[in-house]
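Q: Below: one structure in structure tokens.
All of the numbers you see were taken from the coordinates with simple rules; none came from a lab. All of these numbers come straight from a predicted model, not from anything done at the bench. Here Cβ is always computed from backbone atoms with ideal geometry, including for glycine, and neighbour counts include all displayed protein chains.
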Amino acid sequence: MPPRWPRKPDRKDPAYRKLDDRMNFAVHVAVYAAINSGLWFVHNFKHTTWSWLTWVSCVWLAILLLHLIYLTAIADYSVETNG
């Protein structure tokens, strides 16, 4: 069941931005897991020699970790003032 938002969604709302960013991160993790596991399955099943696969997996994982660090330590969800 998708999350429900009690009021009209607005990117200026700090709570909505935080939830939206975290759901976006969850989608990125799911895409990484699906594609990466599929590539490794084919690599192991067909006994291919994809030397680039380790690098792609590691770089993509590093990007995901940077995304997580941004969300947890850097992102500022305080109320914006226009004045």
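Q: Can you show me the helix-derived [θ] at 222 nm for the chain, built from DSSP H runs with n ≥ 4 at -39,500 (n - 2.57) apiece and divided by the number of residues, rounded to the nearest 500.
A: Values: 2 runs with 50 residues, N = 83.
When only DSSP H runs of four or more count, the value is -21500 deg cm²/dmol.
Q: Taking the Cα-to-Cβ direction at residue 58 and at residue 44 and moving 7 Å from each Cα, how far apart do the two end points lie in nm?
A: In this crude spin-label approximation the distance works out to 1.9 nm.
Q: Where in segment 47-81 does the label zone of residue 15 land, with the point 7 angstrom along Cα→C-beta and an amide N cut-off under 19 Å?
A: Within reach of a label on residue 15: 76-81.
Q: Considering only 36, 44, 24, give the residue with the highest GNM mean-square fluctuation for the chain, with springs between Cα atoms whenever their separation is below 10 Å.
A: 44
Q: In addition: Please order 69, 74 by the number of other Cβ within 10 Å, starting at the fewest.
A: Placing the least packed residue first, the sequence is 74, 69.
Q: Using the beta-carbon distance between residue 65 and residue 7 and R0 = 30 Å, what value does 1/(1 + (r/R0)^6) give for FRET efficiency, to the nearest 0.05?
A: That gives a FRET efficiency of 0.35.
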